[in-house]
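In what follows, a structure is listed as structure tokens, so that the remarks can point back to it.
The values are calculated or read from the model by the stated rules, or taken from the named source; none is laboratory data. In this text the structure is predicted, and so the values were computed from the model without any measurement. Glycine gets a Cβ as well: all are built from the backbone with ideal geometry, and neighbour counts include every protein chain shown. For the accessible areas, the whole protein counts, side chains as well, though only heavy atoms, and no ligand, DNA or RNA atoms are used. Shrake-Rupley method; radii C 1.70, N 1.55, O 1.52, S 1.80 Å.
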Amino acid sequence: TLQIEDSVSYLGFSNHELRAGFGFQLTRANDSQDRMLTGWLIYLTDDRSLPAYYYYGEGSSAARLDNRVYGLFVQDDWRPAPNLTLGLGLRYDIEDGANNPDFEHPLVNSRRLDTDNLQPRVSVVWNPDGRGRTVLRAGLGRYVSRYPLYPAMYELNYNDVSGRTQLQRTNGLLVCAKYG
């Protein structure tokens, strides 16, 4: 993971404090979990005389996921009075790989990047007595969260087309006894 962030502030413009910043994070994940390499046999009896199911995997689960996160923000804190601060801000974030937008599978619809991530914010800080003994704060905003990378990686690992396929075989006697 590589992460770069920076911000700049400007003070003194008519009781305003202006801030702006950016962030970039690159995450490269390589994962392989080839489950059931030698298979898994389940028996109906304790003495292992009647096998019921056999689970096994085929193919490789090796996958690589590259996710880049870009973020920008601007913030204005205005002090119309010495004991009152009003804040107004806007943030934008975008991830380009966490929902597997390029993933192709016959059973999965195509995906787009999640681009509607404008996050406005507003806040009020009031110090009624002017001495800082009591401070009242209020804020409201829209916040978006990041995608967890595990589901996207699991989809690449085990998708039955380009990833590892998990298979099952059933004892024919069991099928006849169950449905016959």
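Numbers at a glance
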item	result
R0 of 35 Å, Cβ-Cβ distance residue 110-residue 4: FRET efficiency to nearest 0.05	0.70
Accessible surface of the chain [probe 1.4 Å, protein heavy atoms]: carbon and sulfur percent	56 percent
Förster radius 22 Å - calculated FRET efficiency between residue 142 and residue 27, Cβ distance, rounded to 0.05	0.35
Relative contact order of the chain, pairs being alpha-carbon contacts under 8 Å that are 6 or more residues apart, as %	21 percent
Estimated D of the range 6-93 in µm² per second, where Rh is the Kirkwood radius over Cα pairs and Stokes-Einstein applies at 4 °C, 1.567 mPa s	69 µm²/s
Furthest towards positive pole of dipole, 59, 166, 117, structure part the range 40-175, Cβ charges	117
Computed log₁₀ I(q)/I(0) - Debye formula, equal Cα scatterers, no solvent, the chain, q 0.20 Å⁻¹	-1.26
Linear extension gain, residue 37 paired with residue 13, 0.36 nm per residue minus alpha-carbon span	2.0 nm
